[in-house]
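These notes concern the structure reproduced below.
Please treat every number below as a calculation from the coordinates, not as lab data. Here the structure is a predicted model, which is why all the values come from computation and not from measurement. Ideal geometry is used to build each Cβ from the backbone, glycine not excepted, and the neighbour counts take in all protein chains shown.
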Amino acid sequence: MSDAAVPKQKDMSEPMLGALLLLPAVLLLLLVVVYPIGTLFWTSLHSVDNANPQAGEQWVGIANYLRAFDDDRFWHATLQTVIYIVVTVPGALVVGLGLALLANQPFRIQWPVRLSLLLPWALPLVFAGLIFRWFFEYQTGIVNDLLARIGVEPLGWLSDPTLATIAICIAIIWKASSFMALMLLAGLQTIPKSLYEAAEVDGASKWQQFVEITLPMLRPSIFVALIFRTITAIQTFDIPYAMTGGGPGDATETLAMYIHKSTLDFLDFGYGSALAALMFLFSMVATSGYLRYTRRSSGRGAEE
Amino acid sequence: MNFNFSRRTTVWLAAIIVMVNGFFPAVWILLTSLKTETELIRSPITYLPEAATLENYMTAFTAQPIGRFLLNSVVVAGLSTALCVLISALAAYALTRLRMPHRNLIMSLLLAISMFPLISLMVPLFKVMRELGLLNTYLALILPYAVLSLPVCTLVMASFFQDIPPDLEAAAMVDGCSRVGALFKVVVPLAAPGVFTAGILAFVNAWDEFLLALTMMNRVNMRTLSVGITLYQGEFAFPWPLISAALIIALVPICIIIAVFQERVVGGLTAGGVKG
């Protein structure tokens, strides 16, 4: 598009200059991502023999991967991660959509509402985890206090595996839904008012307008938000770390937490790397879905 | 008349629900931070502090070096933001305004690589940084954080660069500017809102990051805020008034940023997401 207006430069061709401008990004990615990934796969094929630690890291082939398949804690952490994904992705979408619809009102002053959506987004995850841990404290937490007011006995939110999982999901959904809401709100604001007016004339109910106009028009925003949320949910770490530390026992531990523990607490780099490589494969699936979508939509943008 | 009244009520109700959802946790820790330990363990619990005290805030500064945590976070987030914005500005420019073969492919590749899950990166990055002797240095976080925000910054700036008329750049070059000179003298100033938005997003991302900060810095004096905050808890004891006070102190900078730049932030988030 810019081709016609830009005079032809003799000193350097555009692809050359482009490559030069991309160089810093490429170098940084090589140092911080590509080289470490290489060592990740390499390390995952090695292990330190506990009987002979002086020998250093020995080649063990795929033994670390085989070990993962027999490791109950790995499967439990994977299952727990899947639970967080399955619960919090749709959960955050529903809550986020609700917040976006509520926030999409003709407020005379916009900023307090906008700020209340931004604050949970900007809050570090680990802060959210700490705050929700405080909400769910057995004796002094506000959740049990509110439950007591409607006659429910205090619950051991953080000491029971199921309740702890529920508490963590609530915290994640609260934290993630505001970002969803911001994205969906932007989507809502692009829907032409005339569509609703026409539907009104045709006698469509609010619910019909929501299902027939709002949802279909929001589909691209919903899709992007869901992919983002899924990629983040695969890596769930901070909130369970702050709320339960993985406990009680290892009940609420995620795959990310187990990898962190294997590597930095047990110093088992070979095994930790194998787990991290498996995690990489899981998230590649989600990322490729996102990329396929963006490439399709950027192609569409070029046609317009 | 009746209809108008109920319409106004709905709007108010909607605003209140959204605001309670967003602000309640912050309000609750603010209230907690003003209570004493003795008031805290009373049953039933009190909502408003009975004898408000600022003592927890004093203790927050003496119990842990929170000033140092703040400084570390400012340095790490600030420098990684500068690096990230510079690098992604160049990349976004190359990908939107130059005739490059395989533009979309390069863009996708850049994004795919930088979206590599942090947790998988953590293990090998720890080894790399240890080999380079960079553990417990700012660089150990600055470099990865610059990558962390590379995709969103590139996308945001690309969407702004696209909107600048190419004629302006051509005019600058006719006047004797080099292509790179034109980028910094014409395109960047015109895309300043985009550059600025990208910077805020990168800053908040770096400020909030926890996992790498926990991994790369194990000296108390090098901890960033997000990790430093977790040091207020004992192994079994959670001094909630003290933790709350520390949280409030840590929240002040981020609250100022989002309050002052809220429109930019919202615009940037949605440009990276919806347009992306």
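Quick notes
- Cβ-based charge dipole, segment B:62-275, positive-most Cα from B:Leu111, B:Ala245, B:Thr197: B:Leu111
- Only alpha carbons enter this Debye calculation for segment A:42-157, each as an equal point scatterer, and the log10 of I(q)/I(0) it gives at q = 0.14 Å⁻¹ is -0.92.
- Using 0.36 nm per residue and subtracting the Cα-Cα separation, the extra length available between B:Leu109 and B:Ala192 on full extension is 27.3 nm.
- Among the GluC sites (Glu not before Pro) within segment B:15-112, those in coil by DSSP and having at most 16 neighbouring Cβ atoms inside 10 Å are B:Glu50.
- Mean Kyte hydropathy of 0.0 or more with a Cα span along the axis of at least 15 Å, helices from DSSP in chain B: B:2-33, B:66-97, B:103-114, B:118-131, B:150-161, B:192-208, B:240-260
- Principal axis analysis of the Cα atoms in the protein assembly as shown yields extents of 85, 79, 46 Å, listed in decreasing size.
- Shielding by partners - mean other protein chain Cβ count within 10 Å, residues of B:6-18: 4
- On the basis of the beta-carbon distance and an R0 of 45 Å, A:Trp111 and A:Gln58 show a calculated FRET efficiency of 0.15.
- For A:His46, distant residues with modelled amide H under 5 Å away: A:Val60
- Based on DSSP H segments of at least four residues, each scored -39500 (n - 2.57), chain A has a per-residue ellipticity at 222 nm of -22000 deg cm²/dmol.
- Put simply, the Cα atoms of segment A:65-303 extend 65, 54, 29 Å along their principal axes, the longest span coming first.
- Peptide B:254-262 - average C-beta neighbours from other chains (10 Å radius): 4
- Its alpha carbons give segment B:186-237 an Rg and a Dmax of 16.7, 58 Å.
- Rg/Rh for segment B:1-113 (Cα atoms only, Rh after Kirkwood) is 1.25.
- FRET efficiency estimate (nearest 0.05) - Cβ-Cβ, B:Leu13 to B:Phe61, R0 51 angstrom: 0.80
- Qualifying chymotrypsin sites (Phe, Trp or Tyr not before Pro) in segment B:42-131, DSSP loop, other Cβ atoms within 10 Å at most 11: B:Tyr47
- The equivalent ellipsoid that matches the C-alpha gyration tensor of segment A:90-168 spans semi-axes of 29, 15, 13 angstrom, in descending order.
- Lysine pairs with alpha-carbon atoms under 29 Å apart, the protein assembly as shown, spacing 8 or more or separate chains: 11
- The mean number of Cβ atoms from other chains found within 10 Å of a Cβ in peptide B:97-104 is 6, as a whole number.
- Taking one quarter of the surface of the convex hull spanned by the alpha-carbon atoms of chain B gives a direction-averaged projected area of 22.1 nm².
- Segment B:62-275: relative contact order as a whole-number percent, Cα under 8 Å and 6+ apart: 33 percent
- A simple rule links phi to the HN-Hα coupling: the Karplus curve 6.51 cos²θ - 1.76 cosθ + 1.60 with θ = phi - 60°, which for segment A:96-104 gives x, 5, x, 4, 5, 5, 5, 7, 8 Hz, with x for Gly and Pro.
- Summary: within chain B, the longest segment free of trypsin sites (Lys or Arg not before Pro) located in DSSP loops with at most 14 other C-beta atoms within 10 Å is B:100-218.
- Two-site FRET efficiency, A:Ile231 against A:Val211, from Cβ-Cβ distance with R₀ of 30 Å, rounded to 0.05: 0.60
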